[in-house]
1. Which ordering of 20, 59 is given by a fewest-first count of other beta-carbon atoms within 10 Å?
2. In sequence order, what are the phi-derived ³J(HN,Hα) couplings for region 134-139 according to the Karplus relation 6.51 cos²θ - 1.76 cosθ + 1.60 with θ = phi - 60°, rounded to whole Hz, with x for glycine and proline?
3. So who's got an amide H within less than 5 Å of the one on residue 136, skipping anything under 5 residues away but keeping other chains? H placed 1.01 Å off N, in plane.
4. If you plug each phi of region 60-74 into the Karplus form 6.51 cos²θ - 1.76 cosθ + 1.60 with θ = phi - 60°, what whole-Hz ³J(HN,Hα) values come out, in order, with x for Gly and Pro?
5. Search the structure for amide H atoms under 5 Å from the amide H of residue 23, placed 1.01 Å from N in the peptide plane, and list their residues when 5 or more places away or on another chain.
6. Using Cα pairs under 8 angstrom and six or more residues apart, how large is the relative contact order of region 1-103, in percent?
7. Give a residue-ordered list of calculated ³J(HN,Hα) values for region 113-129 (Karplus: 6.51 cos²θ - 1.76 cosθ + 1.60, θ = phi - 60°; whole Hz; x for Gly, Pro).
Amino acid sequence: MMKLPKSINIIKSANEKNDYLGYVRILDLDKLKTYLHDSHEDNNLYIKVSVKQDLQYRYIINLEVKGELSLTCQRCLGEYKFDIDKQLDLIALNSIDNISNKEGEFEPVILDDSGKLDLYDIISDELILSIPQVPRHAVENCSEVSDVIEFETAVSS
């Protein structure tokens with residue numbers, strides 16, 4: 001399996017009917033690094049990207065992301081494994097001005113001036129949106145629950 005390029009030319013990919021199947025190193029996703037647990041390993045996310053042009057001449061991108069992120073449990077501050085299995089349908093636009101109500105079924109993404117899409121940024125953004133606001137194990141699975149958490153649990157009982 002090959003490492004995916006950081007960006008792809010959407011128009012060229014659609015015309016040549018190229019699908020991309022490969023991996024992205026989690027540590028290559030700069031925006032995501034701040035959400036990861038300190039002990040995270042340099043794992044890979046497995047990605048499939050398909051680009052096609054629909055009957056309305058719009059460029060539709062199907063993106064599948066699978067893998068596992070090591071987050072910080074907000075109860076015990078230990079490592080919390082979070083499975084990723086996400087599928088997205090995106091629509092490529094040249095500018096934000098091109099967004100209309102008819103793209104409602106697709107999530108819009110903006111191409112750069114040369115018609116390329118930065119895959120790593122899109123993947124990072126989508127993963128950040130997927131992360132729970134408060135990642136945490138079930139209480140019985142936490143390694144050490146702090147006194148504050150135990151106090152809050154006792155008070156709320």
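1. So the ranking, lowest neighbour count to highest, is 20, 59.
2. Using θ = phi - 60°, the values come out as 10, x, 6, 6, 5, 3 Hz.
3. Sorted by chain and number, the residues that satisfy this are 74.
4. Per-residue couplings from phi come out as 9, 10, 9, 10, 10, 10, 9, x, 9, 10, 9, 9, 9, 5, 7 Hz.
5. Result for residue 23 returns 2, 3, 4, 47.
6. It comes to 22 percent, rounded to a whole number.
7. 4, 9, x, 9, 10, 7, 4, 5, 5, 5, 4, 4, 4, 5, 5, 4, 5
Every number in this text was worked out from the coordinates using simple rules, so none of it is lab data. Small disclaimer: the values here were computed from a predicted structure and weren't measured. Virtual Cβ from ideal backbone geometry, glycine too; neighbours counted across all protein chains shown.
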